[in-house]
Amino acid sequence: MTYPCAKINLGLNVVARRADGYHDLETVFYPIPLCDELDFALTYEEFPGPDWQRVRLSVTGDEAVDCPNDKNLVVKAYYLLQKDFPLLPEIWIQLKKQIPSQAGMGGGSSDAASMIRLINEHPRIQLGLDDAQMERYAAQLGADCAFFIRSKPCFATGIGDQLEHHDDLQNILTGRHLVIVKPAVAVSTRDAYAAITPKKPEKCCLDIVRQPIETWRSELKNDFEEPVFAQHPALAAIKQNLYENGAIFALMSGSGSAIFGIYEDEPSGIEAKFPDCKVFTLKL
């Protein structure tokens with residue numbers, strides 16, 4: 001059993017459009033203690049013959065969504081490794097979803113990366129891959145998947161797959177409280193990118209994050225907020241509401257639609273301020 005965590009973006013700048021159609025980013029990925037549950041069993045002995053050449057996936061939990069098995073990233077992670085290693089073709093994967101989908105929090109990517117690590121470390125498999133090798137596999141599944149192999153705060157560039165781990169990022173939010181508000185709003189990442197004009201920021205988000213948190217509000221930005229808030233004004237209202245209720249800093253994570261607020265002390269009754277949303281309160 002493992003517990004794939006979610007992440008938030010402390011700043012997100014879209015700095016350039018690439019020749020391959022993707023975009024270069026600058027962001028600080030920060031892991032948070034909101035987790036799914038993931039486990040698997042090798043069940044081939046129960047399914048002799050041709051019927052055991054398959055992968056079974058059971059998805060439960062408050063945040064479970066309908067998704068064909070062959071589209072789920074944990075299944076894709078298994079098949080990705082199976083191309084290079086003699087993995088047994090029968091496996092039963094159990095995934096309990098607690099991280100909201102389409103929230104900009106990396107839940108699916110985290111599940112995929114955790115699946116790679118689970119397979120690598122399984123006592124009957126033991127592939128012997130190190131972190132760097134697992135990150136290279138994870139990067140094939142999604143731009144931010146590699147981050148979740150180690151799930152440690154880092155500065156990410158490229159399409160989000162070039163990771164720099166800095167020891168001073170480890171404890172910048174330790175002891176503070178995090179409120180995440182997820183409305184019933186679906187944000188199209190494709191449309192969000194299409195509405196952005198890439199540009200290099202005046203100050204790198206890594207440098208801003210190293211400053212006192214009181215300075216973040218005026219300097220730390222997410223370039224997706226402007227186009228997404230224009231299309232979904234309710235998200236801008238959530239961010240303003242977090243500030244009005246005592247947040248030191250608030251920002252949309254990724255391309256949305258989750259908005260997070262950072263607090264010195266746990267806010268009382270915050271769920272009532274967002275009656276039509278899912279609200280998660282965590283201590284970092």
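The values are calculated or read from the model by the stated rules, or taken from the named source; none is laboratory data. Everything quoted here is computed from the prediction, not taken from an experiment. Cβ placement follows ideal geometry from the backbone for every residue including glycine, while neighbour counts extend to all protein chains displayed. SASA here: full protein model, heavy atoms, side chains in, ligands and nucleic acids out. Shrake-Rupley method; radii C 1.70, N 1.55, O 1.52, S 1.80 Å.
Just to be sure before I move on: is Thr189 modelled with pLDDT under 95, in contact with a Ser or Thr (Cβ under 6 Å, 6 or more places away or on another chain) and surrounded by fewer than 17 Cβ atoms within 10 Å (Cβ to Cβ) in the structure I sent? Spelling it out, Thr189 is indeed modelled with pLDDT under 95, in contact with a Ser or Thr (Cβ under 6 Å, 6 or more places away or on another chain) and surrounded by fewer than 17 Cβ atoms within 10 Å (Cβ to Cβ).
Of the residues making up region 68-98, those that are part of a loop (DSSP other than H, G, I, E, B) and either under 17 Å from Phe148 (Cα atoms) or among the β-branched types (Val, Ile, Thr) (or both) are Asn72, Lys97, Gln98.
Number of residues in region 89-138 that are in contact with a Ser or Thr (Cβ under 7 Å, 6 or more places away or on another chain) and more than 24 Å from Ala41 (Cβ to Cβ): the value is 4.
Against the conditions (1) part of a strand (DSSP E or B); (2) modelled with pLDDT under 90, Asp51 satisfies every one except (1).
Evaluated against (1) more than 27 Å from Leu235 (Cα to Cα); (2) open to solvent by less than 40 Å² (accessible area, probe 1.4 Å); (3) charged (D, E, K, R), Asp84 falls short on exactly one condition, (2).
For region 176-196, a tally of residues being free of Cβ contacts under 8 Å to residues at least 40 places away in the same chain, of a type in the set (Gly, Ala, Ser) and not in a loop (DSSP other than H, G, I, E, B) returns 1.
Per-residue answers, yes or no, for (1) in contact with a Lys or Arg (Cβ under 7 Å, 6 or more places away or on another chain); (2) free of Cβ contacts under 8 Å to residues at least 40 places away in the same chain; (3) over 22 Å from Pro33 (Cα atoms):
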residue: Ile116; (1), (2), (3): no, yes, no
residue: Ile119; (1), (2), (3): no, no, yes
residue: Leu127; (1), (2), (3): no, no, yes
residue: Pro153; (1), (2), (3): no, no, no
residue: Ala156; (1), (2), (3): no, no, no
residue: His166; (1), (2), (3): no, no, no
